[in-house]
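Following: one structure in structure tokens, then a few remarks.
The values are calculated or read from the model by the stated rules, or taken from the named source; none is laboratory data. Predicted, not measured: the structure shown is a model, and the values here were computed from it. Here the Cβ positions follow ideal geometry from the backbone for every residue, glycine too, while neighbour counts run over all protein chains shown. What goes into the accessible areas is simple: the full protein's heavy atoms, side chains included, and nothing from ligands, DNA or RNA. Shrake-Rupley method; radii C 1.70, N 1.55, O 1.52, S 1.80 Å.
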Protein chains: 2
Amino acid sequence: MESIQLGDAPASKRSPGEELDPAPMYDIIELLFFAYRDFVGDADRLLQNYKFGRAHHRVLHFVNRQPGLKIAEILAILQITKQSLGRVLRELLESGYIEVRPGPVDRRQRLLFPTGKGRRLALDLARLQSKRFARVFEALPPGAYDQAIQFLLEMIDPQERDEIAERLRLNSLSPERQRA
Amino acid sequence: MESIQLGDAPASKRSPGEELDPAPMYDIIELLFFAYRDFVGDADRLLQNYKFGRAHHRVLHFVNRQPGLKIAEILAILQITKQSLGRVLRELLESGYIEVRPGPVDRRQRLLFPTGKGRRLALDLARLQSKRFARVFEALPPGAYDQAIQFLLEMIDPQERDEIAERLRLNSLSPERQRA
DNA sequence: TCAGATACGACAGCCATGTTGACATATTCC
DNA sequence: GGAATATGTCAACATGGCTGTCGTATCTGA
């Protein structure tokens, strides 16, 4: 692939050691905006067929990834209020993409599980978004995937970073939890 | 920095040549979600002091980056309708962060310019977001910035990609347009 | 055992930001 | 002078957030 040279390098590279009022990194700010918009656009188009929005997608995605998620846990992951979750979750329950079982030890809890239908839709959505990434890393040199992972991880607030990294590691190492 | 190994490599790497039903790339899908959320969170918090939202930020950002932007141009960049732009733009005009001048050649056009106040706020916001990037690339090996740029560029739909790359190149090479 | 903490549901109302559709106005172009 | 263009505007609506408040079932600990 042709290497495109865009704008300025980060200010920290232009004058090492000097940190006074670095120039804003407009290029990467805008690229992240456009990249994210196109990324979510893929799923948005598919979701229209189901009359679902991004909010439904997020809930279904994390419930599918972590079956048995508690209400409080998904609120923490999505960082929304239970009132916001309420409507979206109700629609997912009523249309049979997610089901609820009481917590085996604490019966106040409502554990969320994807149904077969739910797993299928979540998988379709994930595959669609994965296609974009697959195309990206085919066009980029080897190692680009690992570099992108490190880049995105660093972008996340430090407090959440460890927790998220842990959740990702757990999910990729223990597929048996999918059958819980 | 400690190199964290997360989950699986892309399916294309696990069995070269075979492309049937690759496993979804859950890790990078979720990392992009969390990374973007924290990224915009920075600006959101600052914007609260001004009673502005993300929509105002986007308009102010691009008007500041490309002074003299036409209405039709910013609609194309943001991919929203003029009705959506209307309210937000009116508030930015009334509160004096953006001003309008008729097109010198075509007087139907309303060219958008940031005011001094507008430039200051746009710069504050850009600096805030740049801080996150600066911290990221300090933690990452040299070359990570260029790699991230290439990654994000590839994530953008091909139709827009060239146009966006061109706009970024223009903006970083012709600062004199800032005085238009 | 019982009082308080916890996990969750539900109602009401509000806000921000997007949409479509229809129509008005000024200007430019042929 | 009529059509196309650039933009504004009004109305209605959808989505997805929010706060506040109250209710209920369940668990926990003194």
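Remarks
- When the charge dipole of the range B:39-139 is built from unit charges on Cβ atoms (+1 for Lys and Arg, -1 for Asp and Glu) and taken about the Cα centre, the candidate among B:53, B:122, B:93 whose Cα reaches farthest toward its positive end is B:93.
- Note on residue B:70: lysines with a C-alpha under 21 Å away, same-chain residues under 8 apart excluded, are B:82, B:117.
- Around the Cα centre of the range A:41-180, unit charges on the Cβ atoms of Lys, Arg, Asp and Glu (plus for the first two, minus for the last two) sum to a dipole of about 700 debye.
- Note on residue A:146/residue B:73: beta-carbon distance plugged into 1/(1 + (r/R0)^6) with R0 of 51 Å gives a FRET efficiency of 0.85.
- All lysines inside 17 Å of residue B:131 as judged from Cα atoms, apart from same-chain residues fewer than 8 positions distant: A:13
- Shown here for the range B:41-137: GluC sites (Glu not before Pro) in loop regions (DSSP other than H, G, I, E, B) with at most 15 other Cβ atoms within 10 Å, of which there are none.
- Ordered by solvent-accessible area of protein heavy atoms (1.4 Å probe), largest first, the residues A:70, A:82, A:51 come out as A:51, A:82, A:70.
- Paramagnetic reach from residue A:128 (point 7 Å along Cα→Cβ, amide N under 19 Å) across the range A:54-70: A:54-65
- Calculated P(r) of the range B:39-139 - Cα pairs past 23 Å, %: 27
- Remark: label point of residue B:93 defined 7 Å out from Cα along the Cα-Cβ vector; separations to the same position in other copies 4.7 nm, ascending.
- Derived from the Cα gyration tensor, the three semi-axes of the equivalent ellipsoid of the range B:57-110 are 16, 13, 11 Å, largest first.
- Sulfur and carbon atoms: percent of accessible area, the range A:53-142 [1.4 Å]: 53
- Per-residue shielding of A:157-163, expressed as the average number of other chain Cβ atoms within 10 Å of the residue Cβ, stands at 3.
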